Amino acid sequence: MNSTVVDHEIIIVGAGFSGIGTAIALRQAGFDDFLMVDDADGVGGTWHWNTYPGIAVDIPSFSYQYSFEQQRTWSRVYAPGRELKAYAEHCVQKYGLRPRIRFSTTIDRADFDEALHLWRLRTGDGEELTARYVIGATGVLTRPKMPEIAGAERFTGTVMHTSRWDHGVDLRGKRVGIIGTGASAVQVIPEIAAEVAELVVFQRTPIWCLPRPDTALPPLVHQLLALPGGKLLTRWMSQAFVELTFPLAAHYYRVLPMSKLGERTGLAHLKDQVDDPGVRAKLTPDYALGCKRPSFSNDYLKTFNRANVHLDTAPITEITATGVRTAQAHHQVDVLIMATGFKVMESGNMPTFDLHGTGGVRLEDWWDTHRLQAYEGVSVPGFPNFFTIIGPYGYNGSSYFALIEMQTRHILRLLRQARRGKATKIEVTAAANDRFFQEMLDRRGTQVFWQESCTVANSYYFDKNGDVPLRAMTTPEGFWRAGHFDLNDYTFDRLGKRDSTPATATRAAVH
Ligand code: NAP
């Protein structure tokens, strides 16, 4: 590695949990020359930006943490957002990452320099950073999506997106409208309902809302977790719960129709919580559980029993200077909360910067032509030395932490192999990528997403081609594959050498 050629061997874009987990894995594997960049002024990604009232994780904290850095002091089974932000800061501190992070730095564009086998990254300030390898750790729920509703610019009140909450806005006694009923709204609505004068909830598609097995974890539990095997036991129980309720339920629905049981639980929860049958009917989803990301709350549904909370399910026709007009009524509001989610499978999000690979091809354009795909969710042919943590067919629905550890395991095998063979360019073969993509498509037969009713769910799991680029496998399988994929699925080239070197030949040359 010629350090005079590049600023850093590796640049990680993103200092959320994906970036932090990658950085720790790199350090532990002896890859010390890396830089993390993030456009935020602090670490934590999602948990840095999202601070809306009621924010908490929907995966038990025993699983929503790194396996190698398990805390036993979570205050609840489902940790509140501020604890996750603190956990991110703790990890950065403990693993000495802070000096490796450049905050308030946006990466706008990255170009692969084929002659020198390196990436040239351009920051928002026009600065160029170079790296042999780039790891995209920009998350997936990153780019807030504002709804395109006529008249939005005319509104004279306050507007905020849930992921950019303005804590300077006092909602007490105000008339508030909230557009959207996804996971963010489900947490915000019960939290603010009691303090506002009126709350109008604009629902387009009802969300499946399941009870949340949440409870406070008092000091006694923290002490029990400190006993030998305590953390291990809770971790395994939690992992099994998560695996059963998402990856298995989603990808093996035809084998194990767990979501049918979930639907019965959801309907009973709705009946328990909502008094008015008319309101209940409006809150009842008309698509199968699993088509879109469900929510978990013990408070959301019953909020609709409050006299100051109104549910309008008629289509929004316009935003006016003073409120929101639907096909049913005009609602005057002082504050409008956009709980309208994120760009997920849309362009400009995966990754959040413009990436140009071999021949100057833009990744977005490549995906437009070939559909969203990435070998094991990590690599794309034509984009050498670039690896993603959350790429198409990367995320299987388990805890993001499982995914991060899985993908870094894959990436580290590549980096070690390149280092052993003094390679400077790593690229997945088109054949391996095609094989993986076909395998993911072939696995659709057992997934929950292909039921007829999913067409009306408005689910962001589906991309514009109608694909669901989620990793169709269990977490243990993903881990196994990260450690055992054939290194010959990649080529390892060395600067100055003309031909691609298969992994086995590189190994032979080294040993
Ligand atoms: P979301 O799930 O995408 O929900 C967006 C909501 O806004 C939907 O109800 C959508 O309706 C509605 N909407 C969007 N544009 C609209 C328009 N023009 N008119 C009317 N309604 C509109 O977004 P989110 O709630 O922010 O959640 C995103 C993801 O973040 C979640 O799925 C989850 O993965 C994650 N999250 C997790 C937690 C947690 O762990 N506790 C909390 C929050 C978020 P349609 O359904 O009709 O499109």
- Item | Heavy-atom accessible area ranking, 1.4 Å probe, most first, across SER75, SER399 | SER75, SER399
- Can you pull the Rg over Rh of the range 17-139, Cα-only, Kirkwood? 1.02
- Query: How would ARG132, ARG435, ARG362 line up by accessible area, probe 1.4 Å, largest first?
  - Reply: ARG435, ARG362, ARG132
- Query: Hey, got the dipole for the range 191-329? About the Cα centre, +1 on K and R Cβ, -1 on D and E Cβ, debye to the nearest 20?
  - Reply: 540
- As straight-line cross-link partners of LYS422, the qualifying lysines (C-alpha separation under 20 Å, not fewer than 8 residues apart within one chain) are LYS497
- Computed magnitude of the charge dipole of the chain (debye, nearest 20; Cβ of K, R +1, Cβ of D, E -1): 1140
- Query: Taking all protein chains as present, what is the carbon and sulfur share of the accessible area of the range 163-277, in % to the nearest whole number, probe 1.4 Å?
  - Reply: 63
- Item | Sequence-distant aspartates and glutamates (8 or more away, or on other chains) whose Cα lies within less than 12 Å of LYS282 | ASP312
- Message: Between 0 and 90 degrees, rounded to the nearest ten: what's the tilt of helix 230-243 against the longest Cα principal axis of the chain?
- Response: 80
- Query: For PHE34, what is the net charge nearby, where nearby means another residue's Cβ is under 12 Å from its Cβ and Lys, Arg count +1, Asp, Glu -1?
  - Reply: 0
- Whole-number accessible area per residue in Å² for the chain, which is evaluated in the context of all protein chains at 1.4 Å: 41
- Task: In Å³ and rounded to a whole number, note down the convex hull volume per residue for the Cα atoms of the chain.
- Result: 159
- Query: Which listed residue (GLY394, THR369, ALA150) has the Cα farthest towards the positive end of the charge dipole for the chain, taking +1 on Lys and Arg C-beta and -1 on Asp and Glu C-beta about the Cα centre?
  - Reply: GLY394
- Tell me, what % of the accessible area of the range 48-121 is carbon and sulfur with a 1.4 angstrom probe? 50
- Given H placed on each backbone N at 1.01 Å, which residues far from LEU355 in sequence or on other chains put an amide H within less than 5 Å of it? ALA110, LEU363, GLU364
- Item | Prolate/oblate/rounded label for the range 115-205 (Cα gyration tensor, a/c 1.5) | prolate
- Order of exposure, largest accessible area first, which applies to LYS271, LYS464 with probe 1.4 Å: LYS464, LYS271
- Item | For PHE202, solvent-accessible area (1.4 Å; no DNA, RNA or ligand), Å² | 10
- Query: So, counting K/R as plus one and D/E as minus one, what does the shell of residues with Cβ under 12 Å around ILE179 add up to?
  - Reply: 0
- Any aspartates and glutamates with Cα under 19 Å of the LYS145 Cα? List them, leaving off those in the same chain fewer than 8 positions away. ASP39, ASP108, GLU153, ASP166, GLU318, GLU346, ASP354, GLU364, ASP463
- Nearest 10, in degrees from 0 to 90: the angle of helix 81-94 to the longest Cα principal axis of the chain is 20
- Local electrostatic count, VAL428, Cβ distance below 15 Å [Lys/Arg +1, Asp/Glu -1]: -3
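The values are calculated or read from the model by the stated rules, or taken from the named source; none is laboratory data. Because the structure is predicted, anything quoted here is derived from the model rather than measured. When we count neighbours, we look across all protein chains shown, and the Cβ atoms used for this are built from the backbone with ideal geometry, even at glycine. Surface accessibility is based on the protein's heavy atoms, side chains included, excluding ligands, DNA and RNA. Shrake-Rupley method; radii C 1.70, N 1.55, O 1.52, S 1.80 Å.
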